[in-house]
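Below you'll find the structure, written out as structure tokens, and then a few comments.
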Amino acid sequence: MRVFLLVTFFSMLLQANGETIYKNKCSSCHKPYISMEKLKENFIKFNNTKLKLKAPTLNQLSHRLKIMIGDGFEDKDVHEFEVKEFIKDYAYNPTEDKKLCHKKVLEAFKTMHSMKGKITEAELSEVSKYIYDYEELVRKKHASKDEWFEVFVTKAKKEKKYILVEAEADDCYYCKKMKKETLSTKEVKEYLEKNFIVVPINVSKKELPAGLSYSFTPTFFFLDSDKKVINTVPGFWDKKEFLEILQSVKKGDKK
Ligand code: HEC
């Protein structure tokens, strides 16, 4: 018990520290949370003339870097390590060719200045962890309780299954391809039926539940029955790859 409290205390300290470092060293340019809808409108429709941001927001960074780094197969610790290494490297040596943010977003900004001499490696480690965790932090905070979705959550709890939220859209070639070549195969269908509650959402018509946000369609979000995101995988996957992803979620060791 005492050890547990101590660990909780230190991890709280660490988070507070990461947040403080962010506020002191990054927040003059990187604003905290702005909803994805507003961001999309700002960058795609208004070329950043509406919000006049100085840099991508923190939720944008957190979401984008996590999606772009890794291949969806590595475990959470490895993924977290890779994303943190990227942030540390970028803060000291930012260059054009490393950038991972959306093209439309990057068009609005000049490359950031190196933070060499302005932040220590230890501080960077902590702020990188804060950025990595940020998406999940705000997702929980901003997730409204959609009653229709709670029905699936209750069902998942009762049947001891995971939830798969599929974000698809009108006129999405890879969504159709995925449906035809992967999701409708016998093996995938059976595996899904046995272990997952599947919730397809057409994002052209409806918002995603549980505060989830996406960059591309299709995107597959795997949640446990406490609505914790275990893995997010965008794009097309063939039958073999997708089954591997499903199995790794079931094993419970994924990001
Ligand atoms: C003076 C303004 C400014 C400050 C301070 C600043 N940044 Fe940035 N940052 C930017 C801008 C502008 C961009 C977008 C252009 C680019 O990618 O270089 C950016 C982009 C980034 C990217 C993503 C690049 C990509 O597209 O992959 C990371 C990671 C990042 N910043 C980390 C940090 C961290 C960590 C801090 C604080 C320790 C910080 N920045 C402080 C201006 C700033």
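Points worth noting:
- Any hit, segment 96-112, residues being under 15 Å from Thr232 (Cα atoms) and part of a helix (DSSP H, G or I): no
- Any hit, segment 198-213, residues being over 25 Å from Thr57 (Cα atoms), outside the structural domain of Asn59 (by TED's automatic domain parsing), in contact (Cβ under 8 Å) with a residue 12 or more places away in the chain and assigned to a helix (DSSP H, G or I): no
- Boolean, Leu100 is in contact with a helix residue (DSSP H, G or I) (Cβ under 6 Å, 6 or more places away or on another chain) and in the same structural domain as Phe46 (by TED's automatic domain parsing): yes
- Note on segment 71-87: residues that are within 16 Å of the ligand (Cβ to nearest atom) and more than 12 Å from the chain's Cα centre (by Cα) total 6.
- Residues (within 9 Å of the ligand (Cβ to nearest atom) and either in a helix (DSSP H, G or I) or buried (at least 19 other Cβ atoms within 10 Å of the Cβ) (or both)) located in segment 13-54: Ile21, Tyr22, Asn24, Lys25, Cys26, His30, Leu53
- Residue list for segment 187-218, filter: modelled with pLDDT under 95, under 18 Å from Gly72 (Cβ atoms) and of a type outside the set (A, V, I, L, M): Ser213, Tyr214, Ser215, Phe216, Thr217
- Those residues of segment 119-175 which are polar (S, T, N, Q), part of a helix (DSSP H, G or I) and in contact (Cβ under 8 Å) with a residue 12 or more places away in the chain, in sequence order: Ser125, Ser128
- A count restricted to segment 61-85 and to residues that are touching a Leu at 6+ places or on another chain (Cβ under 8 Å) and closer than 16 Å to Pro234 by Cα stands at 4.
- Within segment 130-162, tally of residues that are within 16 Å of the ligand (Cβ to nearest atom), among the charged types (D, E, K, R) and surrounded by 19 or more Cβ atoms within 10 Å (Cβ to Cβ): 1
- Selected residue (criterion: farthest from the chain's Cα centre (by Cα)) from residues of segment 91-105 that are within 6 Å of the ligand (Cβ to nearest atom) and within 16 Å of Thr57 (Cβ to Cβ): Lys99
The values are calculated or read from the model by the stated rules, or taken from the named source; none is laboratory data. Given the structure is predicted, the values throughout are model-derived calculations rather than measurements. In this analysis, Cβ positions are derived from the backbone assuming ideal geometry, glycine residues included, and neighbour counts consider all displayed protein chains.
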